[in-house]
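The values are calculated or read from the model by the stated rules, or taken from the named source; none is laboratory data. Values in this document were obtained by computation on a predicted structure and should not be read as measured data. Positions of Cβ are generated from backbone atoms using ideal geometry, with glycine treated the same way; all protein chains shown enter the neighbour counts.
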Amino acid sequence: MSWLILASGSSGEPWWISLIKAVIVINLVLFGFAYLTLIERKVMGRMQLRYGPNRVGPFGTLQPIADLVKLIRKESFFPAAAIDVLYILGPFLAAFTAIPPRPAAVRARRRRSAERFRQVRKKRNPIQR
């Protein structure tokens with residue numbers, strides 16, 4: 001039974017309840033953004049003196065779902081001669097190689113300031129944990 005206690009979160013509820021709550025919140029946020037995008041498209045259509053999205057469902061209410069299906073069915077482009085792993089990880093590798101490491105002087109200065117902070121904290125709080 002000790003594994004059951006370890007599996008529960010800080011609030012004492014089982015991990016699967018937390019997972020269900022997280023899935024619900026994520027879905028609410030995704031649907032919220034989808035329908036806010038629909039409202040934005042309708043408002044922009046009215047501002048341009050034309051109808052907004054109104055083809056799918058009553059008053060275009062199913063347009064976000066149609067956009068999702070279109071996005072899923074869209075073909076992804078991979079060059080035939082590309083190495084898949086490098087093709088996907090290439091932008092991430094380029095970003096990390098473009099960011100220079102911090103100079104040693106900056107690291108040393110931050111280390112000294114952290115040591116000073118610890119010394120001041122010890123003087124203010126004589127009770128050690």
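So, Lys70, is that one outside any loop (DSSP other than H, G, I, E, B), modelled with pLDDT of 85 or more and surrounded by fewer than 10 Cβ atoms within 10 Å (Cβ to Cβ) or not? In short, yes. Going residue by residue through the stretch 30-48, is there one that turns out to be loosely packed, with under 13 Cβ neighbours inside 10 Å and among the acidic types (Asp, Glu)? Looking for residues that are loosely packed, with under 13 Cβ neighbours inside 10 Å and among the acidic types (Asp, Glu), one finds at least one in the stretch 30-48, hence yes.
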